[in-house]
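I have placed the structure first, in the form of structure tokens, so that the comments after it can refer back to it.
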Amino acid sequence: MTEPGPPRDRRRGRSRHRRGLVGTIVEYAVIIAVAVTVALVVEAYAVKPFVIPTPSMANTVRVGDRVLIDRLTYRFRAVHRGDVVVFTGHGPIPLLKRVIGVPGDRLSVAGGRLYVNGAPAPDGFVRVVGGQREPTLPGPDAMAPWSLQRPFTVPAGAYFVMGDNRTDSDDSRYWGTVARDQILGHAFFIYWPPGQAGGL
């Protein structure tokens, strides 16, 4: 005499359990795929992390700090004087500097101070050493118009950038302006280290 098989309702219960487990796995897989896709789209078109590669922006940010870059803002507004931007085209890696001059600005240096259109430029973000703000000095090449050894007018479609660490910054005083299409985005927030988190 053969043993009776499992009751029909038990078989149905196991089948429903398997279908439920498969459905749950599929649901989680879809959620993960959507999350990864959204993250990639956001990084490609909206917000991208960036690691500070040089000390040129100390003490605003330091080497190894992490900041977020807004890649959308400049689709809707112009680059402003004072913005902190990430750009390419001046070395093997993207750089982060502050915009000092926009198209049409006349820049000059006198007495260790930067002047924009004849007025002293704001310097509240310039690195302070020994209680004094670092001087802004011209670049070394007297033949280069952008060295600021004489007044320089920022050309159309270009931006003049400097580091906040004025005495240790390889910037527009050395290699000239940054074109608009070289700017990757606007750095707006420090997220690492946590103790330094805040807006730029």
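Quick notes on this one:
- Net length gained if the chain between residue 196 and residue 63 were fully extended (0.36 nm per residue, minus Cα distance): 46.6 nm
- Whole-Hz ³J(HN,Hα) from phi, Karplus 6.51 cos²θ - 1.76 cosθ + 1.60, for region 76-92, glycine and proline x: 10, 8, 6, 6, 9, 4, x, 4, 9, 10, 10, 8, 10, x, 10, x, x
- In order through region 117-126: 3J(HN,Hα) via Karplus (6.51 cos²θ - 1.76 cosθ + 1.60), integer Hz, x for Gly, Pro: 6, x, 10, x, 6, x, 10, x, 9, 5
- From phi via Karplus (6.51, -1.76, 1.60), per-residue ³J(HN,Hα) for region 105-111 in Hz, x at Gly/Pro: 5, 9, 10, 8, 10, 8, x
Values in this text are rule-based calculations from the coordinates and carry no lab data. Here the structure is a predicted model, which means the values were calculated and not measured.
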